[in-house]
Amino acid sequence: MLNRYPLWKNLVILGVVLFCALYALPNIYGEDHAVQVSATRGGAITTQTLQQVETALQTAEIKPRGVTMADNQILIRLDSDEQQLAARETLMRALGNQYIVALNLAAATPSWLEKIGGNPLKLGLDLRGGVHFLMEVDMDEALNKMRDQMVTTVRDRLLEERVRYLSVNESEGTIVVQLRTQEDYQRAVSLLRNQYQGYTTELQASTQTLRLVMTEAQLQEIRANAIEQNITILRNRVDELGVAEPLIQRQGQDRIVVELPGVQDTARAKEILGATATLEFRFVDTKNDLRDALEGRVPFGSKLYNQRDGGQVLAEGRVILTGDHIVNASTSYDENGRPQVNINLDSAGGRLMSQATANRIGDPMATVFIEFVATGEKTAEGRIAFDRIEEVVSVATIQARLGSSFRITGVGGIQEAQNLALLLRAGALIAPIQIVEERTVGPSLGADNVAAGLTAILAGFVLVLLFMGIYYRKFGWVANLALLTNLVMIVGIMSMIPGATLTMPGMAGILLTVGMAVDANVIIFERIREEYKAGRSPQQAIARGYENAMSTIADANITTLITALILFAVGTGSIKGFAVTLGIGIATSMFTAITGTRAVINLTWGRQKRLTKLSI
Amino acid sequence: MNFFEITKMDENSPVKFMDYRKHTTWLSIILAVIALSSLVVNKLNWGLDFTGGTLVEVSFSQPADLTQMRTVLGANNFDDAVVQSYGTQEDVLVRIPPREGAELESIGETLLQLLQQEIDPAMEIRRVEFVGPQVGDELAEAGALAILVAMLCILAYVSFRFEWRLALSAVAGLFQDVLMILGVFSLLQIQIDLTILAALLAVVGYSLNDSIVVADRIRENFRLLRKEDAVSVFNISISQTMSRTLITSLTTLIVLVTLFFFGGQMIRGFSIAMMIGVVVGTYSSVFTRSTLALALGVSRESLMPPEIEKEGEEQDVLL
């Protein structure tokens, strides 16, 4: 008998291998130092920006390797990291704060490869260096905020219609409206009953009380919104940091993952990401005496605040505007050379501001900064408890009727102005967030990990090749060819899958598959030896060896695949990387060790009619 | 080339592995008792991933003076810090156990600032990890669940492909593997982190690989060797697969040893766990599982496929 594969089968095998090899190819080109320019909110990258970039680089005498514009980004490739830093400085100065200029590493993949989707492996944070944060959103606070807003809305509505109420308060999640007379009660009922989406109305005529209760659907929606808004805001804040390829993702019910590759100044990153702050603009209460308030007689409806740079301020209870109406904030210098913060509001915010300030020109307005600082303790439900810290960061006199754009002067030094602007710009968080997990890998450790991983893979690989070649002789070298192909295929497939990242445990996984992938060949070769010794002809021994080994190999690999899948399901970050490489490695090793080696053996020995000896 | 005499074993001169099953059972029991008592007495050295807390790895410009570091840390509210050198003389790992109170997540920064000011301004930050206590608990839970689910899935799959006696003994072998690894980790007080969890699951996969190869051969031999009794079928099957078992273990050990020496500190625990796993896994698939399967009464009948006529009958009914 002869051992032969039909031509199409050989071609398919060759095709699959070449296909994977093609996509593994980008990994050998390495990476260029690059600077990446993208626009902040509202901005756009145009050909004009591109010209600006090119002129700026020319004047600074930086010669880029290439400048490309794609996906609303400009990528400038440079020869060295000094040039990279210089280019960033130059561009930051030239472009101003409308653009984000970030350091990046750009794959030096040739353009024809890029066109067919070829990209090098994405490295995990443990290999690239960077920060990983897991943040938890405080849902209770989000709900409280919604209820407070509702209280204000109801009060305003009743005042508008001149319905006199005893009190409108929030108690245990419901809004309780207490009326004075039966007549007022009836009017309030007709005004408020089923008027607000997401609330059901409960009436109690005997005590002239009306309750607005939040529906379950509304609760769900607020939770979903809180996560969504936090993600959006975090994204904006990350933009402020100038990170090239950030990842911001929801995880589970109330958590958000933030990954910032290449970030080294984690303290600043944390300060900006973790600053769970909101803003409120309020009028300063000038009708009442601050001294009375300080002695404990705070007038009804007003509120006493500490000022950040010392002293106290008595402010009116009504909030003119909250931070979520802020569209943009930037710093500049006023006529006298003092720093100022320019604020732009959305149209609704502009209307509110305009209405509120129309008759109050000359009155002082306070900017209240509300921060949530984790106390480190837990609530009864096991959530993290937050302290709400409210401070007045600036008191400014209203000079004119304010519209959708105005400025705050007298905020202190330029640094403080910038900080205020940054926080204003990044918007206000509905619900405070807390970092519950952080993993930072310094750039040197990342590079060390890559080097260590590569050395281990190379050394392990060579040792296994030598062993197989010596022990199984020519057949061993066929297995080695399969092993090499396997490695190329793992790299190729990992590069193809968009979500797959290579991590340190992932590198261990690759090496482990090298060790374990030979198993299939060992099973087959041992079987061939047995059959051969049992007196079968060499060709028969080959055929039977493969046949008999098949189901064993399949069973053995499927169980390993099960564990890889489970690991993928429960693992996070780097462990997921291990599961991915292990899973892919199992699949490719079955292909190369069974089909691949068979094809080579068939081509080499399968056609020889008078094959009398096997080199195994 | 036969430098392993053992590769010559075949059905004509099988090694009577199963004759030693009483001895190996006692060995397994003694080892299990040692592992369990160590787990009870020494407990496991849970790493940051599971306990929560803060970990900082720094690289100083000169060999680090650990005593000085401890004094500095002790004088600055860090008397709970564990300081140890890591890999080289310059690299130091500082661990802070989980604390109560505010500003948990900034402990790392405070610590780094302190070290920079007091010890070495040219210090380099290698790694900072902070895990909140809640997250740690969840990771531990997820890890235990993963191993349990993996074993159940395997039990189901092996029962489906073979039969329940082999499946049960296969899973019992996995228990032994995991127990032995944890026992050694407990005795040597090596830290258990997430990579160890990955290693445990990889060992589960690997060791099972081994026992499936043996089980497959046992099933085949029950069909082929009609005259042999169960014990000798086991002996013959183990002998026949022995060279494969040893060679695969050897190649896997080769890569694990290179991983241990070249793969860097972070992956060292992983390679230790896997090395133990490969050795114990080989032992358990040769002895533990076969012994247990025999004790549970695996026989030719229990492994044979259903009779052909019966299938025919059922088809008739279906038609």
Quick check on B:Glu129: is it over 20 Å from B:Tyr283 (Cα atoms) and modelled with pLDDT under 85? no
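Answer with yes or no whether B:Ile212 is touching an Asp or Glu at 6+ places or on another chain (Cβ under 6 Å) and open to solvent by less than 10 Å² (accessible area, probe 1.4 Å).
Details: touching an Asp or Glu at 6+ places or on another chain (Cβ under 6 Å): yes; open to solvent by less than 10 Å² (accessible area, probe 1.4 Å): yes.
Judged against the criteria, B:Ile212 is a match.
Somewhere in the range B:252-260, is a residue among the β-branched types (Val, Ile, Thr) and open to solvent by 40 Å² or more (accessible area, probe 1.4 Å)? Walk me through how you get there before you give the answer.
Looking only at the range B:252-260, we keep the residues that are among the β-branched types (Val, Ile, Thr), and these are B:252, B:254-255, B:257-258.
Going one step further and asking which of them are open to solvent by 40 Å² or more (accessible area, probe 1.4 Å), we end up with B:257.
Checked the range B:252-260: at least one residue is among the β-branched types (Val, Ile, Thr) and open to solvent by 40 Å² or more (accessible area, probe 1.4 Å).
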Any chance you could count how many residues in the range A:496-523 are facing another protein chain (nearest Cβ under 9 Å) and farther than 19 Å from B:Ile247 by Cα? 5
Among the strands (runs of 3 or more DSSP E) confined wholly to the range A:59-110, which include 1 or more residues that are touching a Leu at 6+ places or on another chain (Cβ under 8 Å), open to solvent by 20 Å² or more (accessible area, probe 1.4 Å) and within 15 Å of A:Asp32 (Cα to Cα)? A:66-70, A:99-107
Enumerate the pairs (first residue in the range A:446-464 and more than 8 Å from chain B (Cβ to nearest Cβ); second residue anywhere and among the charged types (D, E, K, R)) with beta-carbon separation below 6 Å, excluding pairs fewer than 6 apart on the same chain, so at least 6 apart or on different chains. A:Gly446/A:Arg128
Could you go through the range B:295-315 and let me know if any residue there is charged (D, E, K, R) and either on the phi > 0 side of the Ramachandran plot or modelled with pLDDT of 85 or more (or both). no
Across the range A:1-42, which residue is surrounded by the fewest Cβ atoms within 10 Å (Cβ to Cβ) among those that are farther than 30 Å from A:Glu89 by Cα and of a type in the set (S, T, N, Q)? A:Asn10
Of the conditions (1) more than 8 Å from chain B (Cβ to nearest Cβ); (2) in contact with a Lys or Arg (Cβ under 8 Å, 6 or more places away or on another chain), A:Glu526 fails just one. Which one is it? (1)
Looking at B:Leu179 and the list (1) within 15 Å of B:Ser28 (Cα to Cα); (2) aliphatic (A, V, I, L, M); (3) free of Cβ contacts under 8 Å to residues at least 40 places away in the same chain, which single condition is not satisfied? (3)
Within the range A:567-588, which residues are open to solvent by 20 Å² or more (accessible area, probe 1.4 Å), facing chain B (nearest Cβ under 8 Å) and within 12 Å of B:Ala146 (Cα to Cα)? A:Ala569, A:Val570
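Tell me which residues, restricted to the range A:589-604, are open to solvent by 30 Å² or more (accessible area, probe 1.4 Å) and more than 14 Å from chain B (Cβ to nearest Cβ). Don't jump to the end; show me each part of the working.
Step one: of the range A:589-604, the residues open to solvent by 30 Å² or more (accessible area, probe 1.4 Å) are A:590-591, A:595, A:598, A:600, A:603-604.
A:Phe591, A:Thr595, A:Arg598, A:Val600, A:Leu603, A:Thr604, listed by residue number.
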May I ask you to verify whether A:Arg610 is more than 8 Å from chain B (Cβ to nearest Cβ), open to solvent by 10 Å² or more (accessible area, probe 1.4 Å), of a type outside the set (A, V, I, L, M) and free of Cβ contacts under 8 Å to residues at least 24 places away in the same chain? yes
Within the range A:530-548, tally of residues that are facing chain B (nearest Cβ under 9 Å) and either more than 54 Å from the chain's Cα centre (by Cα) or open to solvent by less than 20 Å² (accessible area, probe 1.4 Å) (or both): 3
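Per-residue answers, yes or no, for (1) open to solvent by less than 20 Å² (accessible area, probe 1.4 Å); (2) in contact with a Ser or Thr (Cβ under 6 Å, 6 or more places away or on another chain); (3) within 25 Å of A:Ser302 (Cβ to Cβ); (4) modelled with pLDDT of 85 or more:
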{"residue": "A:Gln340", "(1), (2), (3), (4)": "yes, yes, no, yes"}
{"residue": "A:Ala356", "(1), (2), (3), (4)": "yes, no, yes, yes"}
{"residue": "A:Asn359", "(1), (2), (3), (4)": "no, no, yes, yes"}
{"residue": "A:Pro364", "(1), (2), (3), (4)": "no, yes, yes, yes"}
{"residue": "A:Glu371", "(1), (2), (3), (4)": "no, no, yes, no"}
{"residue": "A:Thr375", "(1), (2), (3), (4)": "no, no, no, no"}
{"residue": "A:Glu381", "(1), (2), (3), (4)": "no, no, no, no"}
{"residue": "A:Asp387", "(1), (2), (3), (4)": "no, yes, yes, no"}
Is there a residue in the range A:201-215 that is under 42 Å from the mean Cα position of the chain (by Cα), assigned to a loop (DSSP other than H, G, I, E, B) and free of Cβ contacts under 8 Å to residues at least 60 places away in the same chain? yes
Among what's in the range A:284-333 and is among the β-branched types (Val, Ile, Thr) and open to solvent by less than 40 Å² (accessible area, probe 1.4 Å), pick the residue that is nearest to A:Val393 (Cα to Cα). A:Val313
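For the condition more than 10 Å from the chain's Cα centre (by Cα), at pLDDT 85 or above, open to solvent by 30 Å² or more (accessible area, probe 1.4 Å) and within 12 Å of chain A (Cβ to nearest Cβ), what is the one hit in B:Leu152, B:Leu166? It would help to see each step written out before you state the result.
Working: B:Leu166 fails: open to solvent by 30 Å² or more (accessible area, probe 1.4 Å).
After applying the criteria, what remains is B:Leu152.
So that you can scan it fast, the table gives a plain yes or no per residue for (1) small (Gly, Ala, Ser); (2) part of a helix (DSSP H, G or I); (3) buried (at least 24 other Cβ atoms within 10 Å of the Cβ):
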position: A:Asn449; (1), (2), (3): no, yes, yes
position: A:Tyr471; (1), (2), (3): no, yes, no
position: A:Ala482; (1), (2), (3): yes, yes, yes
position: A:Leu487; (1), (2), (3): no, yes, no
position: A:Ile493; (1), (2), (3): no, yes, no
Can you tell me which residues in the range B:70-97 are surrounded by fewer than 18 Cβ atoms within 10 Å (Cβ to Cβ) and either of a type in the set (Phe, Trp, Tyr) or in a loop (DSSP other than H, G, I, E, B) (or both)? B:Asn76, B:Asn77, B:Asp79, B:Asp80, B:Gly87, B:Pro97
Subset of the range A:342-354 that is among the hydrophobic types (A, V, I, L, M, F, W, C) and open to solvent by less than 30 Å² (accessible area, probe 1.4 Å) - its residue that is modelled with the highest pLDDT: A:Met353
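I want to confirm something. Restricting to the range B:110-133 and keeping residues that are open to solvent by 40 Å² or more (accessible area, probe 1.4 Å) and either within 7 Å of chain A (Cβ to nearest Cβ) or hydrophobic (A, V, I, L, M, F, W, C) (or both), which single residue is nearest to B:Ala198 (Cα to Cα)? Reasoning before the result, please.
At the first step, the residues of the range B:110-133 found to be open to solvent by 40 Å² or more (accessible area, probe 1.4 Å) are B:110, B:113, B:116-119, B:121-122, B:124-125, B:133.
From the residues that got through so far, the ones that are either within 7 Å of chain A (Cβ to nearest Cβ) or hydrophobic (A, V, I, L, M, F, W, C) (or both) too are B:119, B:122, B:124-125.
Details: B:Ile119: 37, B:Ala122: 36, B:Glu124: 29, B:Ile125: 27 Å.
Among residues in the range B:110-133 that are open to solvent by 40 Å² or more (accessible area, probe 1.4 Å) and either within 7 Å of chain A (Cβ to nearest Cβ) or hydrophobic (A, V, I, L, M, F, W, C) (or both), the one nearest to B:Ala198 (Cα to Cα) is B:Ile125.
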Given the options A:Leu219, A:Leu203, A:Leu192, name the one that is at pLDDT 80 or above, open to solvent by less than 10 Å² (accessible area, probe 1.4 Å), in contact with a helix residue (DSSP H, G or I) (Cβ under 9 Å, 6 or more places away or on another chain) and of a type outside the set (Lys, Arg). A:Leu192
Checked B:Ile192, B:Ile272, B:Ile276, B:Ile267 against criteria (within 14 Å of chain A (Cβ to nearest Cβ), surrounded by fewer than 21 Cβ atoms within 10 Å (Cβ to Cβ) and farther than 25 Å from A:Tyr472 by Cα); the one match is B:Ile272
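The values are calculated or read from the model by the stated rules, or taken from the named source; none is laboratory data. Everything quoted here is computed from the prediction, not taken from an experiment. Every residue, glycine as well, gets a Cβ built from its backbone with ideal geometry; the counts of neighbours run over all protein chains shown. Heads up: the accessible areas ignore ligands, DNA and RNA and are worked out on the full protein's heavy atoms, side chains in. Shrake-Rupley method; radii C 1.70, N 1.55, O 1.52, S 1.80 Å.
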